[in-house]
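Heads up, the thing below is written out as structure tokens.
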Amino acid sequence: MTAPRCWAGASGYSFKEWKGDFYPEKIKPDAMLAFYAQHLPTVEINNTFYQMPRPPVLEHWSEATPADFRFSIKASRRITHDARLKADAAADSVVYLYRTLDTLGVKRGPVLFQLPPFLKKDLPRLGEFLKLLPADHRAAFEFRHDSWFDDDVYSLLQQSAAALCLSEREDDAPPPLVETAPWGYVRLRLEQYSDDDLAQWTRRLLETSWQDVHVYFMHEPTAPAYAQALMRLSGQVGGSA
């Protein structure tokens, strides 16, 4: 069995707090993405949760990054928090989101649907929502209410080749690593990871049957170094440089 390709990065890239640690001290904000993409192969974009992406912005991102770079996009709160995955309320926003993301071409990675913590399991609602997604949706679902972590949910995701997102957080136990798609999506949200922690995560990910796995660290100054370490431990280069 071939080990999955690992795409490791951070949740965002435009952080002045990274200057001196990852970025040069005097780097300009509009040069950050290109610099980031020289050292890491992917980034998770979170501001699309608050504002739908616009084609000119996506075009700029694409032009600033190499051909093998990938953007993971957090879906708009209009879909996850306002419509709460209700198909009739979310349909137009889903169509707009995916149509706009076509601007990225092959650089579009997974689309993360992060549900609010108060939203409990609703299997019919999830099933109807999954029908809205285009064929090449690359959708990952981050459930934050324990009721969702059940075999019937995993089965429904598997039928649509949608990924169950594993999110490791300080305030709760991480959900199980269940393979519901040919690829995986993991969010490592702790502030600190030891070398042994990263080695254990690498072994765990490489033991899966996934073709590839996207891994994102929280937006701390240490995030790029953690992502580069995970890439090295998985036997892959740390970026496009």
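Structure notes:
- Projected-area average for the stretch 1-88 over all orientations - Cα convex hull basis, square nanometres: 8.4 nm²
- With the cut-off at under 11 Å, measuring from each backbone N in the stretch 78-121 to a point 7 Å along the Cα-to-Cβ line of residue 169 picks out 115-119.
- Each Lys and Arg contributes +1 and each Asp and Glu -1, all at the Cβ; summed about the Cα centre of the chain, the dipole is approximately 620 debye.
- Translational diffusion coefficient of the stretch 35-132 (Stokes-Einstein, Kirkwood radius from Cα pairs, 20 °C, 1.002 mPa s): 150 µm²/s.
- Pairs of lysine residues in the chain - Cα separation under 29 Å, sequence separation of 8 or more or cross-chain: 22
- Projected label distance in nm at residue 189 and residue 51, using a 7 Å step from Cα toward the beta-carbon: 2.4 nm
- The spacing between the stretch 178-241 and the stretch 53-90, judged by their C-alpha centroids, is 22 Å.
- Note that the stretch 1-90 presents 50 Å² accessible area per residue, ligands and nucleic acids not counted, probe 1.4 Å.
- Selection from 37, 104, 173 lying farthest towards where the dipole of the chain points positive, charges on Cβ: 104
- Most mobile of 59, 25, 179 in a GNM of the chain (Cα contacts under 10 Å): 25
- The trypsin sites (Lys or Arg not before Pro) found in the stretch 159-231 include none that occupy coil by DSSP while having at most 11 further C-beta atoms within 10 Å.
- Projection of the Cα convex hull of the stretch 89-212, averaged over all directions and equal to a quarter of that hull's surface, yields 8.6 nm².
- log10 of Debye I(q)/I(0), alpha-carbon scatterers only, for the chain at 0.11 Å⁻¹: -0.55
- Long-range tail of P(r) for the stretch 111-165 (Cα pairs > 19 Å, %): 16 percent
The values are calculated or read from the model by the stated rules, or taken from the named source; none is laboratory data. If you're wondering where the values come from, they're calculated on a predicted model, not measured in any experiment. Cβ sites come from the backbone with ideal geometry, for glycine too, and all protein chains shown count toward neighbours. These accessible areas exclude ligands, DNA and RNA; they are computed on the full protein's heavy atoms, side chains included. Shrake-Rupley method; radii C 1.70, N 1.55, O 1.52, S 1.80 Å.
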